[in-house]
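Let me begin by presenting the structure, written as structure tokens, before commenting on it.
The values are calculated or read from the model by the stated rules, or taken from the named source; none is laboratory data. These figures come from a predicted structure and were not determined experimentally. Glycine also receives a Cβ, built like all others from the backbone with ideal geometry; neighbour counts cover every protein chain displayed.
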Ligand code: CTP
Ligand code: MG
């Protein structure tokens, strides 16, 4: 299942608090951005990558692609103020046909086999996401008091990549723009078309580097892989 991947990389990493875009932090001496890109570089089904970047970081990121000898075609798109805008700008570079994956550049532990299963589901159903069963009990609150305990067996923690027929994702983003709807992932835009979204079981190791303690997990995951 051939695909193009859009990698939103234009965040500022505020919750990480490193003072720089967290994608430029190094794990095992290699920038997070490169860890992520190398998975797609080494996946024969990936036709091209589209990186949504901050204009002031483009040269640095382009330099990294050269230094780590990324050979696949990489296009750059302009990062927006919100992730959704960054993805939409990337999507406009993706062309009209086939499958597109959207993957947070901040999730370096994605694997080829997860990508393959996800792409297969999206090819079949038009839209698919990776997700893992929620481990914690989740409660909805009003202020500091519990309003409701949500039945855990139906809850999934959603990851990326998320995969779509390009035409479906384009329609979803255009509709969200018209309605001024802002979602925290791409599938939520597709859901409201409405269009069904398939769930493919992800992996608990496919973490997003968000806060400082995620870096500790990340080092541990890398060490475990080296063994
Ligand atoms: N992203 C983006 N454009 C934005 C915001 C985020 O391309 N305007 C990207 C990030 O670079 C990251 C992914 O979307 O790869 C997931 O976002 P998140 O984890 O929230 O990263 P940041 O926005 O950088 O972090 P924070 O919210 O803590 O500032
Ligand atoms: Mg963010």
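Some observations on this one:
This table checks each residue for (1) closer than 25 Å to residue 2 by Cβ; (2) modelled with pLDDT under 95; (3) within 16 Å of ligand 2 (Cβ to nearest atom).
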residue	(1), (2), (3)
63	no, no, no
70	yes, no, no
76	yes, no, no
82	no, no, yes
96	yes, yes, no
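- Residue within the stretch 112-119 that is more than 16 Å from ligand 1 (Cβ to nearest atom), free of Cβ contacts under 8 Å to residues at least 40 places away in the same chain, closer than 17 Å to residue 161 by Cβ and surrounded by fewer than 20 Cβ atoms within 10 Å (Cβ to Cβ) present: yes
- The lone exception for residue 54 - which of (1) over 30 Å from residue 125 (Cβ atoms); (2) free of Cβ contacts under 8 Å to residues at least 60 places away in the same chain; (3) surrounded by 14 or more Cβ atoms within 10 Å (Cβ to Cβ); (4) away from ligand 2 (no atom under 15 Å from the Cβ) it fails: (4)
- Residues that are more than 18 Å from residue 48 (Cα to Cα) and more than 7 Å from ligand 1 (Cβ to nearest atom) were ranked within the stretch 1-18; the one that is surrounded by the fewest Cβ atoms within 10 Å (Cβ to Cβ) is 17.
- Taking the stretch 122-227 and the helices (runs of 4 or more DSSP H) fully enclosed by it, the elements with 1 or more residues that are within 15 Å of the chain's Cα centre (by Cα) are at 166-179, 187-191.
- Checking residue 55 against (1) over 17 Å from the mean Cα position of the chain (by Cα); (2) farther than 18 Å from residue 90 by Cα, the condition it does not meet: (2)
- Of all residue pairs spaced 6 or more apart or on separate chains, those with beta-carbon atoms under 7 Å, a first member in the stretch 209-227 that is under 15 Å from residue 110 (Cα atoms) and in contact (Cβ under 8 Å) with a residue 12 or more places away in the chain and a second member that is part of a helix (DSSP H, G or I) and away from ligand 2 (no atom under 16 Å from the Cβ) are 209/215; 209/218.
- Residues located in the stretch 19-30, provided they are touching a residue at least 12 places away in the same chain (Cβ under 8 Å) and either within 16 Å of ligand 2 (Cβ to nearest atom) or surrounded by 13 or more Cβ atoms within 10 Å (Cβ to Cβ) (or both): 21, 22, 23, 24, 25, 27, 30
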